Every structure is written in structure tokens, then in C-alpha cells.
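The values are calculated or read from the model by the stated rules, or taken from the named source; none is laboratory data. If you're wondering where the values come from, they're calculated on a predicted model, not measured in any experiment. No Cβ is skipped: glycine too gets one built from the backbone with ideal geometry, and neighbour counts run over all protein chains shown.
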Ligand SMILES: [Zn+2]
């Protein structure tokens, strides 16, 4: 298969308003994301535009803005597709979060605060977040510390599903940034021992149990779900302890 055109493609830049030249460029076999984007601006029908954006995005799948443009068109034409709407929300959240990239990579604090992630997902308002943070501070002073996410769930500001998704995204972002895993779940994700959807399911169960006053370690839930075996878990615990000790050296 022919190599994809470099972006920006100089041919497309010269002929971006010329439908015929763009079609010829593609007909010659160029795999050209820019040509499809230019065509998307020229075609009349929404479904044609969607098709152009889909082809462009398939050629350059790492272009986040292109993927978002495709999904935005897609959800207009397919409003019943909840999964696509979800993917669009997450892609937009990732774009927002990319701007907040931690300055120091490979550092313990290379993380996005949960509040920032929930805001980026559009899951809570600034006001809800402020109220929850104040309540968290009040409880801390009373000697009853509570996780921000649990508070938001208890206050009915966030669904347990949304919190589980946000926590999973947080682990994935930390792993992508090369941050040292802080928790068992981050260790398992960073090392590819579990898939994000397995983590999300386990976290969801853990959150539901926790807000009803029951505490079950995540490792036990993952074992019960069959997401990991005992050997992997044991190794993860040891590595996790080792990292925790050496972080202070
Ligand atoms: Zn080209």
C-alpha cells in the first residue's frame, strides 16, 4: 500500500477548493487525510461529509481533532448511538486534559486531579465540585476523611458509573504519562495486566460497595471477576510495595 501523504499535503494545499483535482489525487492512490478533509468541506450532503471525515480519520487515527470532527458529525446523524456519544465525550475530555499536561513526567505527581477529569467529562459543574471540596475539607477537620468521588456519588452529583469511568481514565492518563503507579489499579493498567473496561467494572463495584458502607479491596474484586489470577496479583502487590518504598529513597 502506498505511504500516506505527509501532513500538510502540499498538493491539497494548492488545490483545496478544487473538487476535481482532489478526487484525482485520491484516484491516483494517494492515501491523503488532508484531501479527504478538504473534500469534506466541499461536499453537500451530511452523509458524504461523514464519509470523508471517516476516511481521513482512518488514514491518520492519531489526529485527535479529526476523530472528534468525525464523531461530532456521526452523533448528529446517529443520535441513537450512545456508545459514539460516549466516545465523543471522552475524546473531548482527553483533548482538554492534554492541555493540562503535567510538567514533570515520570514523577509521582504526574496526575490529573479527579475533579479536573470529572469537569472535562462534563460530569459535574464547578459549583458541585466546589461544594463537594468544601464538604470534604469539613469532614477532614472532623477526622472523617472521605474520597472526593464518593462524596459526589453520595450527594447524587455523579453516578457511580461516571466516577468509575473517570478513575479509569485517570489511571490510563498516568500510565500514558509514564507516571509511577500509585495504586494497584494503576500498576495493573500500566503493565497491561488488565484492560481498561475490566478495571472500570471492578471500580464500579467497589464504589457501589463503598458508598453502602462495605469495603472490599480492588484486588479481591478483580479476582472474583476473573480479570486477574492470584499470581499476577501477588506480583503486582510486591512490585507496588517495592515502588512505594523506593519512592522515598
Ligand atoms: Zn496528498
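Could you grab me the full set of residues in the range 159-183 that are more than 22 Å from residue 86 (Cα to Cα) and crowded, with 21+ Cβ neighbours inside 10 Å?
179, 181
Being part of a helix (DSSP H, G or I) and crowded, with 18+ Cβ neighbours inside 10 Å: is that true of residue 202 here?
Taking the combined requirement at face value, the residue satisfies it.
Among the helices (runs of 4 or more DSSP H) contained in the range 1-78, which hold 2 or more residues that are away from the ligand (no atom under 16 Å from the Cβ) and in the same structural domain as residue 91 (by TED's automatic domain parsing)?
So the answer is 46-59, 64-77.
Kindly indicate whether residue 41 is within 33 Å of the chain's Cα centre (by Cα) and under 14 Å from residue 59 (Cα atoms).
Numbers: within 33 Å of the chain's Cα centre (by Cα): yes; under 14 Å from residue 59 (Cα atoms): no.
No, not satisfied.
So, residue 228, is that one crowded, with 18+ Cβ neighbours inside 10 Å and farther than 22 Å from residue 145 by Cα or not?
In short, yes.
Tell me the residue from 209, 222 that is buried (at least 19 other Cβ atoms within 10 Å of the Cβ), assigned by TED's automatic domain parsing to the domain that holds residue 155 and outside any loop (DSSP other than H, G, I, E, B), please.
222
Taking residue 232 and the conditions (1) under 25 Å from residue 156 (Cα atoms); (2) not in a loop (DSSP other than H, G, I, E, B), which numbered condition does it fall short on, given that it satisfies the others?
(1)
Check whether at least one residue in the range 171-183 is in the same structural domain as residue 242 (by TED's automatic domain parsing) and at pLDDT 90 or above, and report yes or no. Quick ask: steps written out before the conclusion?
Keep residues of the range 171-183 that are in the same structural domain as residue 242 (by TED's automatic domain parsing), which gives 171-183.
Next, only the ones that are at pLDDT 90 or above stay: none.
Looking for residues that are in the same structural domain as residue 242 (by TED's automatic domain parsing) and at pLDDT 90 or above, one finds none in the range 171-183, hence no.
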